[in-house]
Amino acid sequence: STAELDAVSSESEPSELLPKGQSRAGVASTGDSGGGDEGYGDEGGGTPDARGKLGEEEARLGGASPDSRGGSRASLGGSLAGGGSEGRRAAVLIAAAGVIGFFANGCEHTAATWLSPYGVRWCGLADERMAVMTSNYWTSMSAGRVAWAVGSSFVKSAWPVLLLNIALCSIGSLLFCSTSEGALLAAALSLGVGVSSIFPALVSLPAELRVEMTPQRLAVLQLMASAGEMLCPFAVGILFQMRMYSSFGPALTGMQAVAFTALATAFFVFRTPQPSYRPIRPADAVFH
């Protein structure tokens, strides 16, 4: 009969297909009481108290006043504006540092390359005298770098160091306009000390101003400095080829004028007070 066939089939079905400790009758009763899939879904939804708290939280967030949502958007806008301002200030700093590095390295290698020909061809000094003067130029540069390595830990700000370096370079460049041997020696010593610590000070300046020195920004400084030491001696060499030896001093002075302009621009940009803005709080960053 039908009842006997059902009994046989229930006995022959493997028991491991059912959960441990549960019979087919228990499964059937669970499906009947929970309404099939709907019963399991109700159990996954949590207790009525938990669902009630979730509903209250959604109602609170959804019922936020327009003023609070407007304040959240305003605070976000102010923060984004502040970030954009900081990005522009960082770009100005890196550009100014690149210009200073360009002409600092350019001035250093221009003087080292053309100091001896300038003294011989324009000032009428002997080759031996100019060879010694060139050696003094490199010696003063080495002494300046040693002084920076020893005393840099005591320097509180790179601004005065950069200003002093550019001032020494400017004095040396102006002295190169003279044909006196004493003036040329003083110019070589002043220029050597001036260019000695410009690049290390430039590298330390962003950290002082809380600007992150990323590898890309450091690469910009390196490329600008390398371009300066390649292009500036080449340009002065063209002038010497045209026998314009008297342009040596003015060319170096012009380089320092551009470097000082870049330094002054960065200084005033970072000394200008920026508008304050309220940082974003996690509770404010809710939009509907």
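Quick notes on this structure:
- Ser180 within 16 Å of Leu202 (Cα to Cα) and either exposed (fewer than 14 other Cβ atoms within 10 Å of the Cβ) or aromatic (Phe, Trp, Tyr) (or both): no
- Some residue of the range 138-157 being under 26 Å from Phe268 (Cα atoms), open to solvent by less than 20 Å² (accessible area, probe 1.4 Å), within 40 Å of the chain's Cα centre (by Cα) and of a type in the set (Val, Ile, Thr): no
- Pairs where the first residue, in the range 175-192, is under 15 Å from Ala143 (Cβ atoms) and the second is among the hydroxyl-bearing types (Ser, Thr, Tyr) and in a helix (DSSP H, G or I), C-beta under 6 Å, 6+ apart: Ala188/Tyr137; Leu189/Ser140; Gly192/Tyr137; Gly192/Ser140
- None of Ala167, Ala131, Ala149, Ala90 is outside any loop (DSSP other than H, G, I, E, B) and touching a residue at least 40 places away in the same chain (Cβ under 8 Å) except Ala90.
- Looking only at the range 158-177, and only at residues there that are among the polar types (S, T, N, Q) and open to solvent by less than 20 Å² (accessible area, probe 1.4 Å), the one that is farthest from Ala264 (Cα to Cα): Ser173
- Residue match in the range 103-122 (condition: out of contact with any helix residue (DSSP H, G or I) (no Cβ under 9 Å at 6 or more places or on another chain) and either crowded, with 21+ Cβ neighbours inside 10 Å or outside any helix (DSSP H, G or I) (or both)): no
- Among residues of the range 195-211 being without any contact (Cβ under 8 Å) to a residue 40 or more places away in the chain and at negative phi, the one that is most open to solvent (accessible area, probe 1.4 Å) is Ala207.
The values are calculated or read from the model by the stated rules, or taken from the named source; none is laboratory data. These numbers come from a predicted model, not from an experiment. Quick reminder, even Gly has a Cβ in these numbers, built from the backbone with ideal geometry, and neighbours come from all protein chains shown. Quick note on the areas: whole protein, heavy atoms, side chains included, nothing else; ligands and nucleic acids left out. Shrake-Rupley method; radii C 1.70, N 1.55, O 1.52, S 1.80 Å.
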